[in-house]
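Asker: Below is the structure I would like to discuss, written out as structure tokens.
The values are calculated or read from the model by the stated rules, or taken from the named source; none is laboratory data. Note that this is a predicted model, so its numbers are computed, not measured. For neighbour counting, all protein chains shown are included, and Cβ atoms are generated from backbone atoms with ideal geometry for every residue, glycine included.
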Amino acid sequence: MGRRIGPLLLLCASLLAATALPATPTAAAGTGTGAEDAATARSPRPLDQVIPAPASVREKGRPYTITPRTVIRVYDGQSHDRRGNHGGGASKDVRQVAERLAELLRPATGYRLPVTTSPGRDGIQLRLGGHRTLGSEGYRLDVGERAVKLSAREPAGLFHGVQTLRQVLPAAVEARSEQPGPWRIAGGTITDTPRYAYRGAMLDVARHFFPVGAVKRYIDQLALYKVNTLHLHLSDDQGWRIAVDSWPRLADYGGGSEVGGGPGGYYTKADYREIVRYASARHLTVVPEIDMPGHTNAALASYAELNCDGVAPPRYTGIEVGFSSLCVPLERTYDFVDDVIRELAALTPGPYLHIGGDEAHATSHEDYVTFMRRVQPVVAKYGKKAIGWHQITAAPDRGTVAQYWGYDQTGAEERARVAEAARRGTKLVLSPADRAYLDMKYDKDTPLGLSWAGYVSTRRSYDWDPGGYLEGVPERAVLGVEAPLWSETIATSAQLEYLAFPRLPGVAELGWSPAATHDWDGYRERLAQQGPRWELMGVNYYRSPQVPWPR
Ligand code: ACM
């Protein structure tokens, strides 16, 4: 098996050996025996070195080795797909997960790894079925010397199981060129289900526009950590980013600006559908946000008729907040809202539409309540559930979800109102700004980001418990967590990644892993091992001094 690897990859491989076996560091370094010998000498990665931490891990028995003869077998236990069609073979969704696994493994291994529906006792087996307790996203991974068996009730569970499989293989599996093996996986069983149903990340494409390719890149990164929701902040004072046929100037004119005076941009409906499709193939649901009644300068600039005085303001490229408002007493406002929500709902297969509701400082409290009482039923009329930033707890409809973005300095009264709504049945997504906001600087030296909620170190973003975070909120009211990334200071994928990594995996773990696994000391070791993966994936991460990176 001749293979050429560059010095950089050699270095990575030897560092990996050092990571996996701290007792015998740098087996390959300086000996001239090469990375392959070092890799052969080491044991497979422990099965529990995964982010998010699996609910249950039992190491047992001999490892499995992926070889040039390995096949990927797909089964759907009941011989029909999950819509009840008897097809006699694996459903399309299961096959898609298997193909994605094969695509992931082929470049680094250099093996063929054919996907087949023919039964057999060997290979990597993907199967729909398994115990009811796995739910809609859980999976079970059994690794034995002869086969790797991955099972789940739904394709989403298989997909998440594949992300675990990726992480229990050597980091070199993320390389896009052939690497030395061996490709061993420790023997044992992982049984894994998520703590929360909603595990989100938000990208602000309004302050700076991020093209479809950049969004897809982020989706791939989110999927690795079992994030299942992508919230897109599609409108703000600085730009309107989604085409609306009935109000074309929103995108044509309102999309043509961004922070700092750049050209902006917007998604055509085809672009947006492509993002939804790409996300869905990775088992993420898109939640689109149109922020209202504040954060609406781009809309107000596009249509004079939306303004109380009939005069359109200029477009805005600064970073102040709280100065714009839709005109609550104006009937035309509700034509606009109805049209936008109708078109967006028609484009969005997921259950939620986010209607913003934060920082409406230019809207009176009375107008705010009037507006929200009128707009939430519009979301319901088009078959969706409303999510709003937590200020919406001033007037939540039944079923509306509130996204908490307060921080340590948020007043007791505001927290109490959110808690009271939660006790009355409003479900919460938790995004505390001084924990989960990925755009807060890590420390005073961070070149990107903001600091109005304080500095958010890697440890701080991980070291909290969503279950006990807000006093007076019953655990059942917590739908999940989300890590928002606002884009006032970022305009490229490299900048986005510098703020998201290494904090995003921590928030993802809070959303997925049982509270019992929470442990900073163990987490930082697991996190350190992601570094070499990110290097091979080309992810630009911040080398936080709190994390013992391999070098
Ligand atoms: C927010 O940060 N204004 C939700």
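Asker: For the condition touching a Pro at 6+ places or on another chain (Cβ under 9 Å) and more than 16 Å from the ligand (Cβ to nearest atom), what is the one hit in Lys381, Lys385?
Answerer: Values: Lys381 fails: touching a Pro at 6+ places or on another chain (Cβ under 9 Å).
Answer to the check: Lys385.
Asker: In this structure, is Tyr462 of a type outside the set (Gly, Ala, Ser) and either within 16 Å of the ligand (Cβ to nearest atom) or more than 27 Å from Glu320 (Cβ to Cβ) (or both)? Outline the logic, then answer.
Answerer: Working: of a type outside the set (Gly, Ala, Ser): yes; either within 16 Å of the ligand (Cβ to nearest atom) or more than 27 Å from Glu320 (Cβ to Cβ) (or both): yes.
It is true that Tyr462 is of a type outside the set (Gly, Ala, Ser) and either within 16 Å of the ligand (Cβ to nearest atom) or more than 27 Å from Glu320 (Cβ to Cβ) (or both).
Asker: Out of Arg398, Arg424, Arg374, Arg435, I need the residue that is among the basic types (Lys, Arg) and within 16 Å of the ligand (Cβ to nearest atom). Which one?
Answerer: Numbers: Arg398 fails: within 16 Å of the ligand (Cβ to nearest atom); Arg424 fails: within 16 Å of the ligand (Cβ to nearest atom); Arg374 fails: within 16 Å of the ligand (Cβ to nearest atom).
Only one candidate passes the filter, namely Arg435.
Asker: Could you grab me the full set of residues in segment 274-312 that are in contact with a strand residue (DSSP E or B) (Cβ under 9 Å, 6 or more places away or on another chain), in a loop (DSSP other than H, G, I, E, B) and away from the ligand (no atom under 16 Å from the Cβ)?
Answerer: Leu284
Asker: Right, another one. Any idea how many residues of segment 191-214 are surrounded by fewer than 21 Cβ atoms within 10 Å (Cβ to Cβ), free of Cβ contacts under 8 Å to residues at least 60 places away in the same chain and part of a loop (DSSP other than H, G, I, E, B)?
Answerer: Number of matching residues: 1.
Asker: Also: Counting only residues that are within 16 Å of the ligand (Cβ to nearest atom) and either assigned to a loop (DSSP other than H, G, I, E, B) or out of contact with any helix residue (DSSP H, G or I) (no Cβ under 9 Å at 6 or more places or on another chain) (or both), how many does segment 471-492 have? Show your work before the answer.
Answerer: Pass one, segment 471-492, residues within 16 Å of the ligand (Cβ to nearest atom): 481-490.
Those left that are additionally either assigned to a loop (DSSP other than H, G, I, E, B) or out of contact with any helix residue (DSSP H, G or I) (no Cβ under 9 Å at 6 or more places or on another chain) (or both): 484, 486-490.
Qualifying residue count, segment 471-492: 6.
Asker: Okay, moving on. Identify, from the list Asp271, Asp252, Asp309, Asp291, the residue that is at pLDDT 95 or above and buried (at least 24 other Cβ atoms within 10 Å of the Cβ).
Answerer: Numbers: Asp271 fails: buried (at least 24 other Cβ atoms within 10 Å of the Cβ); Asp252 fails: buried (at least 24 other Cβ atoms within 10 Å of the Cβ); Asp309 fails: buried (at least 24 other Cβ atoms within 10 Å of the Cβ).
Within the list Asp271, Asp252, Asp309, Asp291, the selection yields Asp291.
Asker: Suppose we filter Pro351, Pro396, Pro293 for residues that are touching an Asp or Glu at 6+ places or on another chain (Cβ under 8 Å) and within 28 Å of Ala433 (Cα to Cα); which single one remains? I'd like the intermediate steps shown before the answer.
Answerer: Working: Pro351 fails: touching an Asp or Glu at 6+ places or on another chain (Cβ under 8 Å); Pro396 fails: touching an Asp or Glu at 6+ places or on another chain (Cβ under 8 Å).
From the options Pro351, Pro396, Pro293, the qualifying one is Pro293.
Asker: Another question, if that's okay. Here are the criteria: (1) more than 28 Å from the chain's Cα centre (by Cα); (2) more than 16 Å from the ligand (Cβ to nearest atom); (3) among the aromatic types (Phe, Trp, Tyr). Tell me which single one Tyr267 does not satisfy.
Answerer: (1)
Asker: Can I ask one more? Does Leu485 satisfy the criteria of being within 19 Å of Thr229 (Cβ to Cβ), in contact with a strand residue (DSSP E or B) (Cβ under 8 Å, 6 or more places away or on another chain) and not β-branched (Val, Ile, Thr)?
Answerer: Working: within 19 Å of Thr229 (Cβ to Cβ): yes; in contact with a strand residue (DSSP E or B) (Cβ under 8 Å, 6 or more places away or on another chain): yes; not β-branched (Val, Ile, Thr): yes.
The answer is yes for Leu485.
Asker: I'm told His233 meets every condition in (1) closer than 21 Å to Val97 by Cα; (2) surrounded by 24 or more Cβ atoms within 10 Å (Cβ to Cβ) except one. Can you identify the failing condition by its number?
Answerer: For His233, the failing item is (1).
Asker: Just give me the residues in segment 416-450 being basic (Lys, Arg), assigned to a loop (DSSP other than H, G, I, E, B) and out of contact with any Phe, Trp or Tyr (no Cβ under 6 Å at 6 or more places or on another chain), in sequence order. Show your work before the answer.
Answerer: Here is the first cut: in segment 416-450, the residues basic (Lys, Arg) are 417, 423-424, 427, 435, 441, 444.
Adding the requirement that they be assigned to a loop (DSSP other than H, G, I, E, B) leaves 424, 427, 435, 441, 444.
Selection gives Arg424, Lys427, Lys444.
Asker: If only one of Asp408, Asp434 is of a type in the set (Asp, Glu) and under 23 Å from the mean Cα position of the chain (by Cα), which one is it? Break it down stepwise before answering.
Answerer: Numbers: Asp408 fails: under 23 Å from the mean Cα position of the chain (by Cα).
None of the other options fit; the residue is Asp434.
Asker: Applying the selection to segment 313-338, what residues are within 19 Å of Asp245 (Cβ to Cβ) and either among the hydroxyl-bearing types (Ser, Thr, Tyr) or within 16 Å of the ligand (Cβ to nearest atom) (or both)?
Answerer: At the first step, the residues of segment 313-338 found to be within 19 Å of Asp245 (Cβ to Cβ) are 332-338.
Listed by number, the residues that qualify are Thr333, Tyr334.
Asker: Whether any residue in segment 129-147 is more than 22 Å from Leu224 (Cβ to Cβ) and of a type in the set (Asp, Glu) is what I want to check. Talk me through it step by step, then tell me what you get.
Answerer: Here is the first cut: in segment 129-147, the residues more than 22 Å from Leu224 (Cβ to Cβ) are 129-133, 144-147.
Going one step further and asking which of them are of a type in the set (Asp, Glu), we end up with 145.
Looking for residues that are more than 22 Å from Leu224 (Cβ to Cβ) and of a type in the set (Asp, Glu), one finds at least one in segment 129-147, hence yes.
Asker: If you don't mind, another one. Checking the conditions here, which among Ile355, Ile341 is within 15 Å of the ligand (Cβ to nearest atom) and modelled with pLDDT of 95 or more?
Answerer: On the way: Ile341 fails: within 15 Å of the ligand (Cβ to nearest atom).
When all the criteria are applied, what remains is Ile355.
Asker: In segment 319-347, how many are in a loop (DSSP other than H, G, I, E, B) and either among the hydrophobic types (A, V, I, L, M, F, W, C) or surrounded by fewer than 22 Cβ atoms within 10 Å (Cβ to Cβ) (or both)? Can you show your working first?
Answerer: First, the residues of segment 319-347 that are in a loop (DSSP other than H, G, I, E, B): 319-330.
If we keep only those that are either among the hydrophobic types (A, V, I, L, M, F, W, C) or surrounded by fewer than 22 Cβ atoms within 10 Å (Cβ to Cβ) (or both) too, we end up with 319-323, 326-330.
Count: 10.
Asker: While we're on this one: Starting from segment 105-118, take each residue that is more than 21 Å from Ser91 (Cα to Cα) and list its partners that are at pLDDT below 95 and not in a loop (DSSP other than H, G, I, E, B), counting only C-beta distances under 9 angstrom and pairs at least six apart or across chains.
Answerer: Here the result reads none, with nothing in segment 105-118 linked to a residue that is at pLDDT below 95 and not in a loop (DSSP other than H, G, I, E, B).
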